[in-house]
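Colleague: I have a structure here, written as structure tokens, and I will follow up with some questions on it.
The values are calculated or read from the model by the stated rules, or taken from the named source; none is laboratory data. Small disclaimer: the values here were computed from a predicted structure and weren't measured. Here the Cβ positions follow ideal geometry from the backbone for every residue, glycine too, while neighbour counts run over all protein chains shown.
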Amino acid sequence: MNQELLLQLFIDKPGEYVSGENISQELGVSRTAIWKHIRKLEAAGYQFEASRRLGYRLLSIPDMLSVVKLENQLQGNIFGQHIHYFETVESTQNLARAAAEEGALEGTLFVAEQQVKGRGRMGRGWISPRGKGIWMSMVLRPSVPIHFAPQLTLLTAVALCRSLKRLTGLPIGIKWPNDLLIEGKKISGILLESAAEDERLRYVIAGIGISVNLEEADYPAELLEKATSLRISGQQKWSREEVIADFLKEWEQLYFLYQEQGFSPIVTLWEALSVSLGKTVRLTTPQGELVGIPIGLEESGAIRIQLEDGSIKPVFSAEMGEPL
């Protein structure tokens, strides 16, 4: 049975029930086959209401991202100059990395409606349901030494935070190094992975996950204390095309500012948006735990921690806990 024909039956009768008998006659299939295809459509994001007496009614159609609409809003920027769109992938990071190895240009973007094996920092999984968030990865080819790679993570966080605050008016801040939070709950994660040769970066793959239109039912109960979305926090849906386009413009501007003037302007912007500074926290580093107060960024991208004895220690990699 052609699912498009099944969908068209419902689209032709908006808000109305279509009986199983009518569908069987129209498409020449059994009731069991209809039920199975309805379940497949539900898995793809369509919502139906079922009634034993009346049949099925289409309640909503998934909000699919429009590449044409996105391209029109970008208007020829380098970031997003080539867009590859997918309905379902394991991970956009994997696709972008393979393309980078094949010579993909800087700014090549991979966007998916759904990731089934999305990942965050330290190999953690990332919830990325179909049609509700932004799950994307982009190829960067910065002309900087490999030890500057952490700066690019912080730059990306600044660009995303500035863009989302401007678009939504929500109180979004950055938790070091790269999580975006609203009132302590995570709305976005950033993962940069790089390849280098002779101490120079060959390419960087920047993975961005933004919880845009997720609803409370999309999260496991244990995550609702730690995670939120723009929709939950702002009580409205947002255009994912507009969110991506605005972010890419902001990101590109800061990226070229960074290439021209170095990391110093990014440090100033990051510190202004940080929710991590000035509060006593516990950091779990590869060398063990330490407690201190984050007081600012180093030029390297490390965070400066004032320890209990008053000394200052730069920390390059750590998991930062909640304020103590």
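Colleague: Can you tell me which condition Gln114 does not meet? The list is (1) under 16 Å from Arg240 (Cβ atoms); (2) among the polar types (S, T, N, Q); (3) without any contact (Cβ under 8 Å) to a residue 60 or more places away in the chain; (4) surrounded by fewer than 18 Cβ atoms within 10 Å (Cβ to Cβ), and all the others hold.
Modeller: Gln114 satisfies every listed condition except (4).
Residues checked against (1) over 25 Å from Ser276 (Cβ atoms); (2) outside any helix (DSSP H, G or I); (3) in contact with a helix residue (DSSP H, G or I) (Cβ under 6 Å, 6 or more places away or on another chain); (4) modelled with pLDDT under 95:
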| residue | (1), (2), (3), (4) |
| --- | --- |
| Glu113 | yes, yes, no, yes |
| Phe148 | no, no, no, yes |
| Leu154 | no, no, yes, no |
| Ser163 | no, no, yes, no |
| Arg166 | no, no, no, no |
| Leu170 | no, yes, yes, no |
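Colleague: Search the range 46-90 for residues being small (Gly, Ala, Ser) and within 21 Å of Asn213 (Cβ to Cβ), and hand back the single one that is surrounded by the fewest Cβ atoms within 10 Å (Cβ to Cβ).
Modeller: That would be Ser60.
Colleague: Every residue in the range 1-47 that is free of Cβ contacts under 8 Å to residues at least 12 places away in the same chain and either hydroxyl-bearing (Ser, Thr, Tyr) or part of a strand (DSSP E or B) (or both), please.
Modeller: Correct list: Ser24, Ser30, Thr32.
Residue by residue, here is whether (1) over 30 Å from Gly103 (Cβ atoms); (2) free of Cβ contacts under 8 Å to residues at least 40 places away in the same chain; (3) not in a strand (DSSP E or B) holds:
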{"site": "Lys186", "(1), (2), (3)": "yes, no, no"}
{"site": "Ile190", "(1), (2), (3)": "no, yes, no"}
{"site": "Tyr203", "(1), (2), (3)": "no, no, no"}
{"site": "Leu214", "(1), (2), (3)": "yes, no, yes"}
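Colleague: For the range 263-300, how many residues are under 30 Å from Gln75 (Cα atoms) and touching a residue at least 24 places away in the same chain (Cβ under 8 Å)?
Modeller: Matching residues across the range 263-300 total 7.
Colleague: Out of (1) more than 13 Å from Trp176 (Cβ to Cβ); (2) out of contact with any Leu (no Cβ under 9 Å at 6 or more places or on another chain); (3) surrounded by 14 or more Cβ atoms within 10 Å (Cβ to Cβ), what's the single condition that is false for Lys313?
Modeller: The failed condition is (2).
Colleague: Quick one: Phe247 ticks every box in (1) buried (at least 19 other Cβ atoms within 10 Å of the Cβ); (2) aromatic (Phe, Trp, Tyr); (3) more than 14 Å from Leu180 (Cβ to Cβ) bar one, so which box is it?
Modeller: (3)
Colleague: Tell me, which residue of the range 7-17 that is within 14 Å of Gln47 (Cα to Cα) and surrounded by 15 or more Cβ atoms within 10 Å (Cβ to Cβ) is modelled with the lowest pLDDT?
Modeller: Leu7
Colleague: Test each condition in (1) out of contact with any Ser or Thr (no Cβ under 8 Å at 6 or more places or on another chain); (2) among the polar types (S, T, N, Q); (3) more than 25 Å from Glu319 (Cβ to Cβ) for Gln259 and report the one that comes out false.
Modeller: (1)
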